[in-house]
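Worksheet: one structure, shown below.
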Amino acid sequence: QQQVKQSPQSLIVQKGGISIINCAYENTAFDYFPWYQQFPGKGPALLIAIRPDVSEKKEGRFTISFNKSAKQFSLHIMDSQPGDSATYFCAGQIHSGSARQLTFGSGTQLTVLP
Amino acid sequence: DAGITQSPRHKVTETGTPVTLRCHQTENHRYMYWYRQDPGHGLRLIHYSYGVKDTDKGEVSDGYSVSRSKTEDFLLTLESATSSQTSVYFCASRDSEQPQHFGDGTRLSIL
């Protein structure tokens, strides 16, 4: 049962272009939506996150757009750089007691060509 | 990062043998998590802990057990490893109002 569906599986973008990764969720109890960035051989690292009462959040070149009614959110990377080449995971978080479990999407491998 | 160390970083073992993976954190975080990462599945929660000796099951807990006898250590045990448990295992920890921080993973191969 995949509660967070992520697309595309892989993405190739030219340097300076815009990278867009989409996620859709099913569980309306999710109350926090983070994006993680993972480089080969490393663990995921928090990139940016949003709560469902906000429609957009921007941090530098990274923006999350959130559509609560459609149960969809997306990550936009502006002016993509070769150093952004990594795997990106979206996630939804639910309070389970105080544990705050994360449910991850399947990941998007981004390649930014120089 | 949040001072999370996973050991070993790589392990090859045979089907049917017991395996224990260790996660050590130096941040005094209350919450700790074990995930497995497989192609096409993202990260899936195996077990988590919300305090010393307090643990609970995640989405894919069958075949795994955990123990947490000290705040800083969270152990994941495969009692009798199977080939389907070949994966990359990640540990994470967090403080009460903070996001999860991940270790760099253990690559486990079961032949």
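Rounded to the nearest 20, the Cβ-based charge dipole of segment A:4-113 about its Cα centre (Lys and Arg +1, Asp and Glu -1) stands at 40 debye. Dividing the C-alpha radius of gyration of chain A by 2.2 N^0.38 Å, with N its residue count, gives 1.03. Taking B:Thr17, B:Thr82, B:Thr71 as the candidate residues, the one with maximal mean-square fluctuation in a Gaussian network model of chain B, Cα springs under 10 Å, is B:Thr17. Taking all protein chains together, B:Val12, B:Val66, B:Val19 sort by accessible area into B:Val12, B:Val66, B:Val19, largest first [probe 1.4 Å].
For the pair B:Leu75 and A:Tyr32, a Förster radius of 22 Å applied to the C-beta separation gives a FRET efficiency near 0.20, rounded to the nearest 0.05.
Roughly how many Å² is the accessible area per residue of chain B, as a whole number, for a 1.4 Å probe?
Accessible area per residue, chain B: 47 Å².
At a probe of 1.4 Å, how much accessible area disappears from chains B and A on forming the pair, both sides counted, to the nearest 100 Å²?
Using a 1.4 Å probe on protein heavy atoms, the buried area is about 1600 Å².
Here the protein assembly as shown exposes an accessible surface that is 47 percent carbon and sulfur, computed with a 1.4 Å probe and the other protein chains kept in place. Under the simplified labelling scheme, the B:Arg22-B:Arg9 pair shows an inter-label distance of 1.6 nm, with each label point 7 Å from Cα along Cα→Cβ. Largest first, the residues A:Asp53, B:Asp56, B:Asp38 sort by 1.4 Å accessible area into A:Asp53, B:Asp56, B:Asp38.
The values are calculated or read from the model by the stated rules, or taken from the named source; none is laboratory data. Just so it is clear, the model here is predicted, and its values are computed rather than measured. Here Cβ is always computed from backbone atoms with ideal geometry, including for glycine, and neighbour counts include all displayed protein chains. The area values use the complete protein model at the heavy-atom level, side chains included, leaving out ligands, DNA and RNA. Shrake-Rupley method; radii C 1.70, N 1.55, O 1.52, S 1.80 Å.
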